[in-house]
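The structure appears below as structure tokens.
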Amino acid sequence: MAQQFEDKFHRKFYYLRLSVTDVCNFKCTYCLPDGYKPSGNKNSSFLSLPEIKRIVTAFADCGTNKVRITGGEPSLRRDFPEIIETVANTPGIDKVATTTNGYRMANQVDTWRQAGLTNINVSVDSLDPRMFHQITGENKFHQVMSGIDKAFEVGFEQVKVNVVLMKDLNAGELPAFLHWIKNKPIQLRFIELMQTGEMDELFQKHHVSGVAIRNQLIADGWILKARGVNDGPAQVFVHADYLGEIGLIMPYEKNFCASCNRLRVSALGKLHMCLFGECGVELRDLLQEDSQEQELIARIQAQLANKSVSHFLQDGNSGSTPHLASIGG
Ligand code: SAM
Ligand code: SF4
């Protein structure tokens, strides 16, 4: 194995978040409120299967064992099953996850699983179909919920559900969400709304801190679980009376970045050290031949020296990331 990816703060990187498209068919208020707009650059094609294979091989050779395929909406790619298969067949990768809006799940999750998908996150911002429509711009609540049922049917033992909680929209739904997971092996992940370059007013209006939820969970007998090395940044809580679990993702909390274990590659092949704060480093010129692997690894290693200790979101920095669909949330 080549030298493990590690930065100057001794953080080790086991986890790659790979965006395979910027395109999305939903219009979430906090992400793409006006829907997807093509960049206008005709030369900007998304990563091909051979390019994906080379990226994942280089990461795996430096200690990465988990890859999350994200976007935009990753399942809009026609070759999504082949992408999963390519990642799953890379020696060293034992977890292949995706984050999806669930639009194609009911029809395709069986194929994804057969291709080698091991973990699935689906975004469901409300259990009320009308609120779901209002937040996502799509009247697809029942379709997404059937997708979750189907995921269990085809053999996923747990499904993670991402919820961005927003004041005056879905924040009052906590009891309904808790009721939903009482007898279901779902890990609900409440994500604090993050401020991105294209959003300001929405953030001021709807941001709600996870602290109040955490206090309420602890008061109700939920217990914080220990973290595994390639787990995400969620604080996961369990309760004896619930089959489901709750994860809190609180990026504004002090020390959130101390446990960072992931690097990101955008759908156009740029390496991002962080979701926020920089415009990415070109990798594509080194993805054209298998023989370029050592050069590719050297470029990534060199960039690790620049990884910042924190995203500085708490200081109002939203960096150059216009919205999370551009490099995958
Ligand atoms: N389209 C897929 C989906 O929605 O699940 C994958 C991409 S989406 C960018 C990944 C995750 O980021 C979703 O769970 C979404 O809710 C979350 N997200 C997007 N913008 C966000 C923001 N400004 N703050 C917090 N979470 C956000
Ligand atoms: Fe699309 Fe996901 Fe962004 Fe919603 S959060 S607009 S589903 S990329």
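No lab work stands behind these numbers, since they all come straight from the coordinates. Here the structure is a predicted model, which means the values were calculated and not measured. Here Cβ is always computed from backbone atoms with ideal geometry, including for glycine, and neighbour counts include all displayed protein chains.
What to note about this one:
- Note on the stretch 249-274: residues that are under 18 Å from Gln195 (Cβ atoms) and buried (at least 22 other Cβ atoms within 10 Å of the Cβ) amount to 1.
- Failed criterion for His133 (all others in (1) within 23 Å of Glu192 (Cα to Cα); (2) within 16 Å of ligand 2 (Cβ to nearest atom); (3) surrounded by 15 or more Cβ atoms within 10 Å (Cβ to Cβ) hold): (3)
- Total residues in the stretch 67-117 satisfying the condition of being within 14 Å of ligand 2 (Cβ to nearest atom) and among the basic types (Lys, Arg): the figure is 3.
- Within the stretch 123-147, the only residue that satisfies the criterion of being among the acidic types (Asp, Glu) and away from ligand 1 (no atom under 14 Å from the Cβ) is Asp128.
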